[in-house]
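Peer 1: Encoded as structure tokens, here's the structure I'll be asking about.
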Amino acid sequence: MSNRILLVEDDTTLSMIISETLQRDGFDVLTAGDGEEGLRKFTRYGVDLIIADVMMPRMDGFEMGRKIRQISQNVPLLFLTAKSEIDDIVEGFELGANDYLKKPFKMLELIVRIKALLRRNIRDEDNRFEIGNYTLNLSTQMLSNPDKGNIELSLIEAKLLKELIVNVGHTVDASTMMQLIWQRDDPYSRNSLHGFIHKLRHYLRHDQSISLINQRGIGYMLTIKA
């Protein structure tokens, strides 16, 4: 199945050239002429990557990027721009861009960057776990919520949460969790585990459908209401 790319570019000639080039390389391409149309198509169609010009009418690429990041932290976003000021580049990355290509550019360079972003995203998918409105990225130890932003977890917190998510609806034995983190089961480790569970419960509090239940004397269970 071809990767679907959303190309948001107000220069119709450049948009046609990029679109035809990507299609010849095997990509499925959706096009939009401004940020508003790009946002509509993103929310309507599933896409694997977004290429967006920065300077566009009605809604520029940066504003569109901010709105997209409120919906998805995961889809790769590559900006095309004639701007080269460091402040503009920093702004793009701070709002969640994955890459930046300055105009004019060679089509081969664009394709190479697209393929690199898609490969990186596949690797990240293997380390990404979802529960309710939250996404855990084990690679970055980041817990993301589209409404509440990102929380940087400790390595122990990330490992524990991953174990609970992959076993959602089932009790994870406390001894198993302690062996996973500390390679031992003793009273000190048990107290530490309880403290980490308390912190995870606090991090997940913004989604009322999620519960982290203490099964006394057994372990912990993460549940989510349908």
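The numbers here are math on the coordinates, done by the rules we state, and not lab data. The shown structure was predicted, so the numbers you read here are calculated from the model rather than taken from an experiment. Please note: Cβ atoms are built from the backbone with ideal geometry, for glycine as well, and neighbour counts cover all protein chains shown.
Peer 1: I'd like to know which of Ala116, Gly96, Leu30 lies farthest towards the positive end of the charge dipole of region 4-125, counting +1 on Cβ of Lys and Arg and -1 on Cβ of Asp and Glu.
Peer 2: Ala116
Peer 1: In vacuo Debye scattering of region 124-226, one point per C-alpha: log10 I(q)/I(0) at q = 0.09, 0.11, 0.13, 0.24 Å⁻¹?
Peer 2: The computed values of log10 I(q)/I(0) come out as -0.20, -0.30, -0.42, -1.43.
Peer 1: Something else: Within the chain, what's the longest run with no chymotrypsin sites (Phe, Trp or Tyr not before Pro) in a DSSP loop and at most 15 other beta-carbon atoms within 10 Å? Give the range, please.
Peer 2: Longest run free of exposed loop sites: 106-226.
Peer 1: Sort all Cα-Cα distances of region 4-125 into consecutive 5 angstrom bins from zero, then give the percent of pairs in each bin up to the one containing the longest distance.
Peer 2: Bin by bin from 0 Å, the calculated values are 2, 11, 24, 27, 23, 11, 2, 0.
Peer 1: Can you tell me how the chain classifies by the Cα gyration tensor, rounded, prolate or oblate, using a/c under 1.5 as the rounded cut?
Peer 2: The shape class here is prolate.
Peer 1: Within the chain, which is the longest segment containing none of the trypsin sites (Lys or Arg not before Pro) that sit in a DSSP loop and have at most 14 other Cβ atoms within 10 Å?
Peer 2: 1-57
Peer 1: I need to check one value: relative contact order of the chain, counting alpha carbon pairs closer than 8 Å and at least 6 residues apart, in percent.
Peer 2: Once divided by the residue count of the chain, the mean separation gives 12 percent.
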